[in-house]
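Notes follow the structure.
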Amino acid sequence: MKTHLPVLFSLTLLLATACNSARTISGEVNFISAPEPGTVLVSAGGYGPTKPQAISNAEANAFSTLIFKGLPGSQQQLPMLTDEAASRKQHSAYFDQFFKGGYKPFMMLSEAQSTYAAGRKGRKNITQRVKINVDALRRDLEINGITRKFGL
């Protein structure tokens, strides 16, 4: 048992630090509509210790889902980038800046759908309606060499 104690302690420490992420990405993003060609309107959940942080988390979740997962039921059903891990690693500077607020020029609307309050497991959250200019986002990804132009 004494030989297993350091291993168990190390495993517990590893799991505890892995669960404590600065930014929570959740799957709480749902397609609402495509109000104009080249745009999508989604509902996105976000978490944070303050309301502004929860709003930013919801907005980032909307973009992350659009780029790396796709939005079922929309014209953007497939992800813009197929390998999230490889893309984030290869273009880490771009995505670090993008998810720290660089997505805002592509966001046409962000409005609260719910109040900022404690939700599941006591974590404070908010739900935002976010309208994204998909065409402009795609052009930016192409210009920055993140993805190739369609048809090339």
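The values are calculated or read from the model by the stated rules, or taken from the named source; none is laboratory data. What you are looking at is a predicted structure, and each value in this text was computed from that prediction instead of being measured. Note that we place each Cβ from the backbone using ideal geometry, even for glycine, and neighbour counts take in every protein chain shown.
Is it true that residue 85 is crowded, with 20+ Cβ neighbours inside 10 Å, at pLDDT 95 or above and over 15 Å from residue 144 (Cα atoms)? Reasoning before the result, please.
Numbers: crowded, with 20+ Cβ neighbours inside 10 Å: no; at pLDDT 95 or above: yes; over 15 Å from residue 144 (Cα atoms): yes.
No, not satisfied.
State yes or no: is residue 100 farther than 18 Å from residue 74 by Cβ, within 19 Å of the chain's Cα centre (by Cα) and among the basic types (Lys, Arg)? The answer is yes for residue 100.
Looking at 61, 125, can you tell me which residue is surrounded by 16 or more Cβ atoms within 10 Å (Cβ to Cβ) and under 24 Å from residue 36 (Cβ atoms)?
Result of the check over 61, 125: 61.
The residues in the stretch 27-41 that are over 13 Å from the mean Cα position of the chain (by Cα) and part of a strand (DSSP E or B) can be counted, and the count is 6. Filtered by the rule that a residue be part of a helix (DSSP H, G or I), farther than 15 Å from residue 105 by Cα and either in contact with a strand residue (DSSP E or B) (Cβ under 9 Å, 6 or more places away or on another chain) or of a type in the set (Val, Ile, Thr) (or both), the stretch 47-63 gives 51, 53, 54, 55, 57, 58, 61. Does residue 44 fit the bill of being closer than 18 Å to residue 129 by Cβ, hydrophobic (A, V, I, L, M, F, W, C) and not in a helix (DSSP H, G or I)? So residue 44 passes the test.
At pLDDT 95 or above and more than 17 Å from the chain's Cα centre (by Cα): does that describe residue 136? Here the answer is yes, as residue 136 does meet what is asked. Within the stretch 120-132, the set of residues being more than 18 Å from residue 97 (Cβ to Cβ) and within 16 Å of the chain's Cα centre (by Cα) comprises 125, 126, 127, 128, 129, 130, 131.
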